[in-house]
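As structure tokens, the structure follows; a few thoughts come after it.
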Amino acid sequence: MLTKVVLASCVVLWISSCAVNSAEDLMTRALRLMSETPLIDGHNDLPWQFRKQFNNELNKVDLHTLSTTHTNIPKIKEGRLSAQFWSAYVPCDTQYKDAVRQTLEQIDVVHRMCEKYPETFMFASSSKEIRDAFAMNKVASLIGVEGGHSIDSSLGTLRTMYQLGVRYLTLTHSCNTPWADNWLVDTGSEPSEHNGLSLFGKQLILEMNRLGMLIDLAHVTVTVMNQVLDMSQAPVIFSHSSAYGVCPHKRNVPDEVLKRVREKKGVVMVNFYNDYVTCSKTANLSDVADHFDYIKKVAGADIIGFGGDYDGVTRLPEGLEDVSKVPNLVVELLRRGWTDEEVKAALGNNLLRVFEGVERVRDNLKGLKPDDVPIAYEDVQNPCRTSYGYTDDAGAVRSVSALTLLLTLALQMLVH
């Protein structure tokens, strides 16, 4: 009897040892993959926390010891983060007021963060610079502007932000702009104002293609998603959205759009916010992995990325509580049978492919002049806006602009 007990105990210990060794082997493999391919995250709101907690007084912040955010330098290093699109976000109630000023201040704080910690961060504005930073063991730091209200319906402001290093624009946040409908329209809580994109919204898409700025479709209606997928020459991104087929939240991406993103060679960067992961207040790491599996099943591993939304959300899954925990998700994907190449694609290769595709379209459009036809004044008229430069023949100009847009789209269809 004693012999059987001892033997049984040995078997239990052996099984436990195998499980531990297996987990350790998966973590070793995960960290190796993350050392070979940059982990590129599509959306982090640390700059908003700088404003919210410190009014952007970065001199009062020590990112080595900051403990009130999901993101700091030790967590970044432990999480093996290699490239980050930092969000230049300002709330919708700045629209028609000081959105442009506040957005410029958010762009400024990202630049200042990189200057303050040059041993950790390297400002980047191209796919090549992401690779360069990775080779130098620094975090490539890019900027995405979250919400079309931040450009105040101005192509000149869009171009200026591009010159300041902004490399994606999320077309809306949680409010309609004078040229695009936001995701809340699909919930029925807000009315559609443009049936997707207005004429100016379509001008903006073409100008973003010409500039080489990534188009981010997180936060827009399904109608806008499909309109952009129809007309953009360049691949698109969802910087922080998950799968509607797993959690039917209107901020997530439905199956038919996932398939179109695959055709467009774009990328959907999975959001970790509990409400978008499980459609409830609680979630765990496995629930997030379910979104990765689902998107892979519907549209393939080549459209998947990481878009954690750290420091922009209030609830995160158990096991993914902050930036340091991301390797745990890589381990889970490997445990589920993801190949090394599939994991590398999701880590960063997919986003790099998209970015390079956007840059190729930009290079192919170098002969085009900047679009300088402004939005119609009646579309943006409000007490905070002056009408300098607008004339009585603005309607005629708008008609010419519409004709030019139609001709441009027709030429694109002939080319493709």
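Figures for the structure shown
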| read-out | value |
| --- | --- |
| Selection status of Leu334, assigned to a helix (DSSP H, G or I), of a type in the set (A, V, I, L, M), touching a Gly at 6+ places or on another chain (Cβ under 9 Å) and modelled with pLDDT of 95 or more | no |
| Region 112-151: number of residues that are without any contact (Cβ under 8 Å) to a residue 60 or more places away in the chain and either touching a Lys or Arg at 6+ places or on another chain (Cβ under 8 Å) or not small (Gly, Ala, Ser) (or both) | 23 |
| In region 70-100, the residues that are part of a loop (DSSP other than H, G, I, E, B) and farther than 27 Å from Glu129 by Cα | Pro91, Gln95, Tyr96, Lys97, Asp98 |
| Cross-chain or 6+ apart pairs with Cβ under 8 Å, region 154-182 first and under 19 Å from Phe238 (Cα atoms) and at pLDDT below 95, then among the polar types (S, T, N, Q) and open to solvent by 20 Å² or more (accessible area, probe 1.4 Å) | none |
| Among (1) surrounded by fewer than 23 Cβ atoms within 10 Å (Cβ to Cβ); (2) in a loop (DSSP other than H, G, I, E, B); (3) of a type outside the set (Val, Ile, Thr) - the single one Asp186 does not satisfy | (2) |
| Residue in region 103-156 that is nearest to Glu207 (Cα to Cα), counting only those that are polar (S, T, N, Q), open to solvent by less than 50 Å² (accessible area, probe 1.4 Å) and in a loop (DSSP other than H, G, I, E, B) | Ser154 |
| Selection from region 192-217 of residues that are assigned to a loop (DSSP other than H, G, I, E, B), open to solvent by 10 Å² or more (accessible area, probe 1.4 Å) and under 17 Å from His149 (Cα atoms) | Ser192, Glu193, His194, Ser198 |
| Out of Lys116, Lys97, sole residue that is closer than 22 Å to Asn382 by Cβ and basic (Lys, Arg) | Lys97 |
| Residue list for region 203-227, filter: in contact with a Gly (Cβ under 9 Å, 6 or more places away or on another chain) and farther than 26 Å from Tyr310 by Cα | Leu204, Thr223, Asn226, Gln227 |
| Hits in region 337-374 (condition: closer than 24 Å to Gly201 by Cβ, open to solvent by 70 Å² or more (accessible area, probe 1.4 Å) and in a helix (DSSP H, G or I)) | Arg360, Asn364 |
| Scope region 375-405; condition at pLDDT 65 or above, open to solvent by 90 Å² or more (accessible area, probe 1.4 Å) and in a helix (DSSP H, G or I); matching residues | Glu378 |
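The values are calculated or read from the model by the stated rules, or taken from the named source; none is laboratory data. Remember, predicted model here, so these are calculated numbers, not experimental data. In this analysis, Cβ positions are derived from the backbone assuming ideal geometry, glycine residues included, and neighbour counts consider all displayed protein chains. Just the protein is used for accessible areas: all its heavy atoms, side chains included, with ligands, DNA and RNA removed. Shrake-Rupley method; radii C 1.70, N 1.55, O 1.52, S 1.80 Å.
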